[in-house]
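Quick notes on the structure that follows.
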2 protein chains.
Amino acid sequence: MNQFRCHSPLRTDFYELTMMQGYFKNQRDTNAVFDYFFRRNPFNGGYAVFAGLDTLLDGLENLHFQQEELDYLRSLNHFDDEFLEYLRNFRFQGQIYAMPEGTLAFANEPILRIYGTLLETQLIEPMLLNLLNFQTLIATKTARIFEASHYGSIMEFGLRRAHGPNGGLFASRAAFIGGASASSNVEAGYIYGIPVRGTMAHSWIMSYPDELSAFRAYAQLYPDNCTLLADTYNTLESGIPNAIIVLKELQATGRKGFGVRLDSGDLDFLSKKSRKMLNDAGLPEAEITVSNELDEYIIDHLVHENAPINKWGVGTRMVTGGEDSSLTGVYKMAARQTNGDLEATMKLTNNPEKMSNPGIKNTARFFDENGQALADLIFLETERSELEQISRSLSPIPFYHPHIDFAQFTMKNYAYMEILLQPVMKDGSCLCEKQSLTTLQKRARNSLKSLDNTSKRLINPHIYKVSISQKLKELKTDIIKSHLR
Amino acid sequence: MNQFRCHSPLRTDFYELTMMQGYFKNQRDTNAVFDYFFRRNPFNGGYAVFAGLDTLLDGLENLHFQQEELDYLRSLNHFDDEFLEYLRNFRFQGQIYAMPEGTLAFANEPILRIYGTLLETQLIEPMLLNLLNFQTLIATKTARIFEASHYGSIMEFGLRRAHGPNGGLFASRAAFIGGASASSNVEAGYIYGIPVRGTMAHSWIMSYPDELSAFRAYAQLYPDNCTLLADTYNTLESGIPNAIIVLKELQATGRKGFGVRLDSGDLDFLSKKSRKMLNDAGLPEAEITVSNELDEYIIDHLVHENAPINKWGVGTRMVTGGEDSSLTGVYKMAARQTNGDLEATMKLTNNPEKMSNPGIKNTARFFDENGQALADLIFLETERSELEQISRSLSPIPFYHPHIDFAQFTMKNYAYMEILLQPVMKDGSCLCEKQSLTTLQKRARNSLKSLDNTSKRLINPHIYKVSISQKLKELKTDIIKSHLR
């Protein structure tokens with residue numbers, strides 16, 4: 001059986017290869033521009049945290065076909081020798097503009113822009129979507145959980161419910177960017193340097209004749225890092241009383257950094273009862289960690305009920321997204337070369353919300369004097385210098401709704417503007433050093449801080465406005481009209 | 001940065017390693033038995049299709065620590081030299097009993113049983129859960145979709161929304177077992193030999209000055225395999241009329257195997273209109289493929305409305321599970337060695353549904369004379385010969401509810417019984433050749449056929465009974481009583 005590789009150009013859809021062969025035969029010199037964007041904020045929330053960029057750039061820099069992969073393609077009797085020979089020498093050599101990883105992104109705005117030959121831009125579509133959709137989903141889910149916990153201590157415990165090995169690994173990476181402080185996944189520590197943490201499993205307790213001996217044995221082994229799992233038999237009647245005995249023994253030897261974990265039952269009720277029992281026993285420093293199918297909604301309730309919880313272990317719903325298990329990110333052609341020039345293109349369809357924005361675009365974010373984000377503007381790169389000039393003088397700028405004619409407003413009273421898409425890859429090579437995950441985590445946190453709290457509400461958030469510029473609106477209208485003719 | 005490996009023993013939770021070190025120091029010779037089972041049928045459905053076994057066995061046979069991985073563990077200052085030296089020579093050498101991959105499985109019954117040292121059984125927990133939970137989820141989702149389509153032609157198109165690269169690859173594998181006939185994921189063809197298929201993207205159409213030239217160019221390239229995407233501009237006004245022109249040209253040259261794909265809009269309305277237009281144009285052989293956020297519920301409705309659809313392309317919701325994005329599979333200690341004997345263990349907790357079944361168990365499925373499954377019985381291996389004897393004489397057998405005292409019935413009028421868990425790994429080596437995915441797909445289909453249709457209902461299915469034997473009930477009651485003392 002052939003083996004899984006970190007970066008395989010076969011990680012694509014079959015139709016990309018058949019289209020590539022078609023382009024190769026018919027229009028091999030044509031270039032195109034594609035946008036990556038998503039159509040709906042995940043979790044019916046107010047934002048997304050963009051993640052996965054470095055993983056993608058790493059993949060693109062290392063993308064090449066191996067002999068066995070070419071042999072496989074040949075065996076399908078669908079590709080001719082000339083095209084397979086082209087694939088043998090294939091390297092991605094395109095240009096990429098992207099938002100910095102960790103930045104907040106909103107529905108319908110370009111997050112990434114790719115320029116290259118039709119062949120190379122087509123091949124990488126599934127890989128790009130696979131990496132960015134998933135990590136952005138999980139970074140966003142984690143940011144929601146982190147917000148709900150009031151910036152508490154969040155540990156990602158999801159490997160066992162994640163979607164395959166790198167479903168687990170990339171979830172750990174994205175969760176860290178979104179605000180988790182540690183992961184249980186040792187591989188995430190090994191590959192990404194994420195701090196690894198853990199407590200004990202029920203099986204540890206069950207491997208001993210009784211709970212007290214199991215607790216005591218663990219405390220002897222790890223006196224400086226001892227969180228005792230209290231719910232194997234009965235939390236309040238057995239787990240907490242036994243934990244108190246052992247934690248008092250640890251306390252007597254001057255140890256710190258100990259506590260209990262609650263993994264079932266009503267966590268509000270049990271955390272309050274446990275807190276009281278621990279306090280009454282003279283263990284106010286013992287921390288309470290909770291786990292068990294947590295998500296942002298449950299954590300939000302527990303925080304509002306003042307449940308005395310110090311740490312949150314979040315697994316399944318963080319690493320899968322829970323009820324919203326995919327980001328609807330898409331990759332759409334925005335321009336193609338015609339007789340040497342790049343001509344704007346758009347997908348029309350029968351559905352106005354599914355119409356894409358044409359042309360070579362960027363996204364600008366406008367801030368007030370306190371660094372609070374006011375609204376985003378999608379504009380054409382041809383307008384860039386004009387826009388920069390206007391914004392330097394802080395003059396008013398008209399903002400248009402992406403598809404509703406009469407909805408518009410004037411951006412004024414802003415303090416500064418940031419242009420979000422920056423060059424990250426040129427001719428297939430990364431333009432900058434990879435940043436540490438801690439840097440990306442900080443960026444996400446700062447970006448989250450810039451968003452008004454009403455837009456971060458878990459349910460029914462205030463919609464942050466993403467508008468289009470006047471020139472983009474005109475271009476879009478022209479293309480639609482030309483097709484209606 | 002360290003690289004991702006196909007099989008890494010670091011693909012585990014940190015607490016497994018800390019517990020392992022504890023076992024290593026305190027009770028290194030103790031053996032234990034663990035069960036893999038899930039607590040709730042996914043999608044609120046009536047069954048699950050067990051998948052992922054061969055992937056797991058492959059991983060276990062190849063599990064070993066590399067020097068850099070040991071160096072990483074050493075750098076955590078948590079593991080001592082003696083333990084790290086033990087890890088250097090670590091190989092999984094346990095015994096595994098499992099249901100054949102592709103078999104239907106139901107909530108709370110053992111699907112896999114692992115016997116080995118506490119150390120090795122603990123290490124593999126997250127890897128085992130990661131591989132089996134996800135693939136079983138996706139095989140089950142696909143089986144539901146396949147059933148809803150009335151065993152139609154299902155193509156898996158999910159790579160771009162899957163959770164990372166092998167979230168995509170393993171989804172393709174599991175979807176094939178569950179009933180998909182092909183995948184768009186070329187890597188799934190390369191690694192697993194799954195047939196790869198695809199049509200064309202909107203970008204193909206948009207790379208040409210107009211839709212008709214795009215269709216014609218594609219038909220010239222792939223005259224024997226030509227499915228034209230009809231919704232880039234306007235399905236009924238442009239896409240289908242242009243497709244008819246090109247398909248008529250193909251028909252005139254004697255070609256077959258062509259059609260259209262609808263990827264947006266109301267698929268019932270559009271498929272009926274398109275079918276009529278194609279028929280009126282003398283193209284009754286042109287097939288209609290549909291896609292766009294399909295799942296079993298949408299397909300069920302389209303089938304009931306007699307929408308004239310030949311092929312289904314299903315992506316996002318098939319490869320992520322959609323609204324139910326994880327299987328709640330767990331790994332619980334069922335017995336541990338005490339003074340040489342294996343003693344039954346169970347997790348009690350405050351929650352009766354979360355109590356595990358103790359002891360070394362197997363699952364038997366009872367069938368009527370038509371091969372229809374009647375009910376499953378979880379029994380102790382110590383009862384096995386007695387059970388086999390009784391079942392050979394077709395004598396009545398008492399079936400007990402797993403946790404409700406008064407709920408019981410007598411199994412009678414059955415024709416035969418099958419014992420589901422069979423040995424698959426001995427001393428860390430696989431006992432049998434890997435079976436082809438086609439074999440697993442056939443097994444899943446046959447297993448599905450054995451289940452009554454009322455238990456396959458998409459919503460509110462008839463609950464298929466999973467009972468426990470009298471001896472298992474007695475053992476469970478004894479352990480609960482001993483803890484209540």
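The values are calculated or read from the model by the stated rules, or taken from the named source; none is laboratory data. Just so it is clear, the model here is predicted, and its values are computed rather than measured. Heads up, the Cβs are rebuilt from the backbone with ideal geometry, glycines too, and the neighbour counts pull from every protein chain shown.
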Can you tell me how many residues within segment A:56-94 are closer than 16 Å to A:M127 by Cα and not aliphatic (A, V, I, L, M)? 11
State which residue pairs qualify: first residue surrounded by 19 or more Cβ atoms within 10 Å (Cβ to Cβ) and inside segment B:53-77, second residue among the aromatic types (F, W, Y) and not in a loop (DSSP other than H, G, I, E, B) in any location, beta carbons under 7 Å apart, and separation of 6 or more residues or different chains. B:T55/B:F170; B:E69/A:Y190; B:Y72/A:Y190
If I ask for residues that are touching a residue at least 24 places away in the same chain (Cβ under 8 Å) and farther than 23 Å from B:T232 by Cα, which ones from segment B:286-322 would you list? B:E296, B:Y297, B:D300, B:H301, B:V303, B:E305, B:M318, B:V319, B:T320, B:G321, B:G322
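Does B:G102 satisfy the condition of being touching a residue at least 60 places away in the same chain (Cβ under 8 Å) and away from chain A (no Cβ under 14 Å)? It would help to see each step written out before you state the result.
On the way: touching a residue at least 60 places away in the same chain (Cβ under 8 Å): yes; away from chain A (no Cβ under 14 Å): yes.
For B:G102, the condition - touching a residue at least 60 places away in the same chain (Cβ under 8 Å) and away from chain A (no Cβ under 14 Å) - is met.
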Exception for B:I177 within (1) in contact with a helix residue (DSSP H, G or I) (Cβ under 6 Å, 6 or more places away or on another chain); (2) in a strand (DSSP E or B); (3) of a type outside the set (D, E, K, R); (4) in contact (Cβ under 8 Å) with a residue 60 or more places away in the chain falls at (2)
Just to be sure, is A:G198 more than 9 Å from every other protein chain (Cβ to nearest Cβ) and either assigned to a strand (DSSP E or B) or crowded, with 21+ Cβ neighbours inside 10 Å (or both)? no
Residues being in a loop (DSSP other than H, G, I, E, B) and crowded, with 23+ Cβ neighbours inside 10 Å - total across segment B:202-211: 1
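Need a quick list: helices (runs of 4 or more DSSP H) entirely within segment B:382-485 having at least 1 residues that are in contact with an Asp or Glu (Cβ under 6 Å, 6 or more places away or on another chain), aliphatic (A, V, I, L, M) and in contact (Cβ under 8 Å) with a residue 12 or more places away in the chain. Please lay out each step first, then the result.
Numbers: elements: B:384-392, B:437-449, B:470-484.
Counting at least 1 such residues, we get B:437-449.
Can you pull out every residue in segment A:212-221 that is among the aromatic types (F, W, Y) and either more than 10 Å from chain B (Cβ to nearest Cβ) or surrounded by fewer than 20 Cβ atoms within 10 Å (Cβ to Cβ) (or both)?
Step one: of segment A:212-221, the residues among the aromatic types (F, W, Y) are A:215, A:218.
Residue satisfying the conditions is A:F215 alone.
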Would you be able to say whether some residue in segment B:340-347 is within 9 Å of chain A (Cβ to nearest Cβ), over 23 Å from the mean Cα position of the chain (by Cα) and of a type in the set (V, I, T)? yes
Test: A:G329 is within 14 Å of chain B (Cβ to nearest Cβ), under 22 Å from the mean Cα position of the chain (by Cα) and closer than 30 Å to A:M200 by Cα: no
The residue from A:A162, A:A175 that alone is farther than 26 Å from A:G254 by Cβ, touching an Asp or Glu at 6+ places or on another chain (Cβ under 9 Å) and among the hydrophobic types (A, V, I, L, M, F, W, C) is A:A175
Search segment A:224-273 for residues being crowded, with 17+ Cβ neighbours inside 10 Å, over 33 Å from the mean Cα position of the chain (by Cα) and β-branched (V, I, T), and hand back the single one that is nearest to A:G315 (Cα to Cα). A:T232
Would you be able to say whether some residue in segment B:27-34 is of a type outside the set (D, E, K, R), buried (at least 24 other Cβ atoms within 10 Å of the Cβ), modelled with pLDDT of 95 or more and closer than 21 Å to A:A162 by Cα? yes
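Would you mention how many residues in segment A:7-52 are at the interface with chain B (Cβ under 9 Å from one of its Cβ atoms), touching a residue at least 24 places away in the same chain (Cβ under 8 Å) and polar (S, T, N, Q)? If you could, list the steps in order and put the result at the bottom.
Initially, segment A:7-52 is screened for residues at the interface with chain B (Cβ under 9 Å from one of its Cβ atoms), giving A:7-19, A:21-23, A:25-27, A:30, A:32, A:34.
So of that shortlist, the ones also touching a residue at least 24 places away in the same chain (Cβ under 8 Å) come out as A:7-13, A:16-19, A:21, A:23, A:25, A:27, A:30, A:32, A:34.
Now restrict to residues that are polar (S, T, N, Q): A:8, A:12, A:18, A:21, A:27, A:30.
Residues in segment A:7-52 being at the interface with chain B (Cβ under 9 Å from one of its Cβ atoms), touching a residue at least 24 places away in the same chain (Cβ under 8 Å) and polar (S, T, N, Q): 6 in total.
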Residues that are aliphatic (A, V, I, L, M) and within 20 Å of B:A217 (Cα to Cα), drawn from segment B:237-277: B:I240, B:A243, B:I244, B:I245, B:V246, B:L247, B:L250, B:A252, B:V260, B:L262
I'd like to verify a number: residues in segment A:301-338 that are of a type outside the set (S, T, Y) and surrounded by fewer than 19 Cβ atoms within 10 Å (Cβ to Cβ), how many? 9
Within segment A:122-138, identify whether any single residue is touching a Phe, Trp or Tyr at 6+ places or on another chain (Cβ under 8 Å), surrounded by fewer than 22 Cβ atoms within 10 Å (Cβ to Cβ), within 14 Å of chain B (Cβ to nearest Cβ) and among the acidic types (D, E), and answer yes or no. no
Show me the helices (runs of 4 or more DSSP H) entirely contained within segment A:219-322 in which 1 or more residues are more than 30 Å from A:I459 (Cα to Cα), among the hydrophobic types (A, V, I, L, M, F, W, C) and touching a strand residue (DSSP E or B) at 6+ places or on another chain (Cβ under 6 Å). A:240-252
